[in-house]
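What follows is a short report on a single structure.
The values are calculated or read from the model by the stated rules, or taken from the named source; none is laboratory data. Just so it is clear, the model here is predicted, and its values are computed rather than measured. All Cβ positions, even for glycine, are placed from backbone atoms using ideal geometry, and neighbour counts span all protein chains on display.
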Protein chains: 2
Amino acid sequence: MRQNAFYAQSGGVTAVINATACGVIETARKHRDRIGKVYAGRNGIIGALTEDMIDTGAESARTIAALRHTPGGAFGSARYKLKGLEENRAEYERLIEVFKAHDIGYFFYNGGGDSMDTAHKVSQIGKRLGFPVRCIGVPKTVDNDLPITDTCPGFGSVAKYVAVSTREAALDVVSMARTSTRVFILEVMGRHAGWIAAAAGLAGNGNGDAPHVILFPEIPFDRDAFLARVRDSVERYEYCVVVVSEGTRYADGHFLAEAGTRDAFGHAQLGGVAATLAELVRSELGFKYHYAIADYLQRAARHIASKVDVEQAYAVGKAAVELAIAGETAVMPTIVRTSDKPYRWTIGKVALGRVANREKMMPRRFIGRDGFSITQACRRYLEPLIRGEDYPPYRDGLPTYVTLRNKPVERRLDTDFVLK
Amino acid sequence: MRQNAFYAQSGGVTAVINATACGVIETARKHRDRIGKVYAGRNGIIGALTEDMIDTGAESARTIAALRHTPGGAFGSARYKLKGLEENRAEYERLIEVFKAHDIGYFFYNGGGDSMDTAHKVSQIGKRLGFPVRCIGVPKTVDNDLPITDTCPGFGSVAKYVAVSTREAALDVVSMARTSTRVFILEVMGRHAGWIAAAAGLAGNGNGDAPHVILFPEIPFDRDAFLARVRDSVERYEYCVVVVSEGTRYADGHFLAEAGTRDAFGHAQLGGVAATLAELVRSELGFKYHYAIADYLQRAARHIASKVDVEQAYAVGKAAVELAIAGETAVMPTIVRTSDKPYRWTIGKVALGRVANREKMMPRRFIGRDGFSITQACRRYLEPLIRGEDYPPYRDGLPTYVTLRNKPVERRLDTDFVLK
């Protein structure tokens, strides 16, 4: 039996989420006997709820192939979390209405923990509302905080960006430290888990190399220990490079820099921890400082993407389609590491119920005893993930990223659905 | 006659200043009949004044070649400006003392406008103090604000970084604009001249492409016009990407974000303009925002350097040595553009007196009539400068940048010189 597929991107986008889209669409096109059209939701699940879909069939093979090297979310993404079936049954009934109208029998949802929760909930409409749809969660998150899977597509590239940037900035700072800037602070993403900050540790190899201080959300911020470490680094090496996770917080749980606003998932919106630390360094130690805030640049930096990450992003998209065709539902493909050296990985799977809403923190054994560094075990884990370069094509000095036509799928329902 | 050479790096470092060092040292090594040793000053001119020099002869050909792809300043840099001969004759006498002690007959000074002033002053010791030394200024500045030369090595690479980053971040923002961040602000360098901010304009090509707003130091900041432009962009395109130069200021000359401190040259130290604009957008327009501050990352980003820039950086180093050997003094090699399309350039020269302490602003005809964009003339100028990629070698996912041994030159003077 041939049915159409729905694919959507959810949550913060990455440098390689479109490589996953490429994997989904290209693989579906190889199975035309089973999958008719691939409809992409505009802005994640919202596209399904509002019957706002894109016909990826209108795009050429060449355009779809170019998604592999294009950052951002080609179909639009959103942070929209379905409520439980009991709390908002109307949302599920609407999904069924849209899926029926467009003969959708496959649901691929590409996102992080919150999105896996959504995919898991959608998978329940088969059993509980009697509408059969194969639901596959497809992992994506720069935060690397999904459980079970060895890593999450998106993370390896941001890790590489942060490690490369730290190494480069350190060479700049050390050049002028004796007469100018002593302390350089790089603020990186990672709301609850310190994986991205940890990746900066790959920039050096001990012996005074930068970064000299890494601040993890997992380790409560200790003002005095931090200042002592910065002073010590400047005394020993003439300079100090600090990499700080946006999610760094005090022992009482308060973030160093809470902006006071919340995002659509209800999470506190963060910003400004670098400026907070810089002011602390200036007022307490008197050192001249500079700080950088990588923000979206880090997760959009396709130009310095990790080859391993791109391959894994594509592979989970491909695997998602293959799992669905094999009759699986309510699962997520995972990346399974079978060897550190040489690095080898394969694709596995896990039930969505086991990954939804669970965050994988850095294990304590990955963080140095001092709380400011990474361990050899952490290096062994991280190193393979940033391996290899996968440069996009360039024209006139700039990467040639693709923009899709995003042809809308003609609506078949005359009802509107109002998002709450 | 064979004499030794002194080479030093001055002012803020760049992704390619070491490519210039590579050009100087490799070329000097080809002229061993004229140039004996190349001594590098540790931390710019300070290394000469304090007799703190590095023997580049201790480095292998392979190591020197690797400087071509290594960012930062391999010998240390500093912002130290010589006073006039009348004001501080002792500094010049000290230079003569050190040059005599080490048989230095060539002086290569690699920097921007302030550094060309220093090189120019040093060149006067020949005529006025009777000590003959060939003084060649070697251009370098990410700010692109040296006059006469078509561009300055260092600028093309930061321009490429900013254009690529803007294009990438825009793809991220537009993915989620409908439900999340509407306004993204990228803060870039450029204290007095808007060249770096202008380069972001290459990311798009009109028709709603990012960046939608560029703020230049050359155009007084107009709060209302800025807010109207941001609102208009969000209404038309769903999002707005703003690229702001750190040197953006009000009509009265005050910077949008003055940190209140000054650097060693007496310039106001800037920072925080992105946060200032973000707060304005939030409070006046109510849009959700994100901002990035590229800071040192932009000028250290050798991983995305412009091939044209690397070639020019090397070429001015090479030309400096050749000019000196040809008997020139008190000059700076320049980059001369002979054709836009196809882009062709050659090396020229200019008297140091004509470049010292003069800043080249963006001509008004390079800035759109609206004050927020670049013109076709500006594109024609900028486009060739970011052309080509010149990737450094990688090992285990990270660029293999070189660190020199930096073997000190044995001191021959028993006098110390105290910097003022």
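Numbers at a glance
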read-out: Qualifying residue in region A:142-152 (condition: crowded, with 23+ Cβ neighbours inside 10 Å and more than 21 Å from the chain's Cα centre (by Cα)); value: no
read-out: Residue identified as surrounded by fewer than 18 Cβ atoms within 10 Å (Cβ to Cβ) and either farther than 19 Å from B:T415 by Cβ or not assigned by TED's automatic domain parsing to the domain that holds B:N18 (or both) among B:A90, B:A61, B:A74; value: B:A61
read-out: Members of region A:275-306 that are more than 7 Å from chain B (Cβ to nearest Cβ) and not aliphatic (A, V, I, L, M); value: A:T276, A:E279, A:R282, A:S283, A:E284, A:G286, A:F287, A:K288, A:Y289, A:Q298
read-out: Conditions (1) within 12 Å of chain A (Cβ to nearest Cβ); (2) in contact with a Phe, Trp or Tyr (Cβ under 6 Å, 6 or more places away or on another chain); (3) of a type in the set (K, R); number of the one not met by B:R337; value: (1)
read-out: Test: residue in region B:188-195 that is at positive phi, within 12 Å of chain A (Cβ to nearest Cβ) and not acidic (D, E); value: no
read-out: Scope region A:392-414; condition away from chain B (no Cβ under 14 Å), at pLDDT 95 or above and not in a strand (DSSP E or B); matching residues; value: A:K407, A:V409, A:E410, A:R411, A:R412, A:L413
read-out: Enumeration of residues in region B:242-282 that are hydroxyl-bearing (S, T, Y), modelled with pLDDT of 90 or more and over 21 Å from the mean Cα position of the chain (by Cα); value: B:Y250
read-out: So A:R128, is it basic (K, R) and in contact with a strand residue (DSSP E or B) (Cβ under 8 Å, 6 or more places away or on another chain); value: no
read-out: Scan of region B:190-225 for residues that are touching a strand residue (DSSP E or B) at 6+ places or on another chain (Cβ under 7 Å) and among the aromatic types (F, W, Y), ordered by number; value: B:F216, B:F221
read-out: Filter result (more than 26 Å from B:D309 (Cα to Cα), of a type in the set (D, E, K, R) and away from chain A (no Cβ under 14 Å)) within region B:60-90; value: B:K83, B:E86, B:E87, B:R89
read-out: Among (1) within 17 Å of A:F366 (Cα to Cα); (2) touching a His at 6+ places or on another chain (Cβ under 8 Å); (3) within 8 Å of chain B (Cβ to nearest Cβ) - the single one A:P217 does not satisfy; value: (3)
read-out: Identity of the residue in region B:153-184, more than 9 Å from every other protein chain (Cβ to nearest Cβ) and outside any helix (DSSP H, G or I), that ends up farthest from B:R302 (Cα to Cα); value: B:R182
read-out: Unique match (being in a loop (DSSP other than H, G, I, E, B) and crowded, with 20+ Cβ neighbours inside 10 Å) among A:T14, A:T20, A:T27; value: A:T14
read-out: Which listed residue, of B:I219, B:I196, is hydrophobic (A, V, I, L, M, F, W, C) and either farther than 29 Å from A:Y161 by Cβ or in a loop (DSSP other than H, G, I, E, B) (or both); value: B:I219
read-out: B:R358 within 20 Å of B:G156 (Cβ to Cβ), within 21 Å of the chain's Cα centre (by Cα) and more than 14 Å from chain A (Cβ to nearest Cβ); value: no
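Table: residues versus (1) touching a Cys at 6+ places or on another chain (Cβ under 8 Å); (2) assigned by TED's automatic domain parsing to the domain that holds B:G36; (3) of a type in the set (G, A, S).
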residue: B:S283; (1), (2), (3): no, no, yes
residue: B:A324; (1), (2), (3): no, yes, yes
residue: B:G327; (1), (2), (3): no, yes, yes
residue: B:Y343; (1), (2), (3): no, yes, no
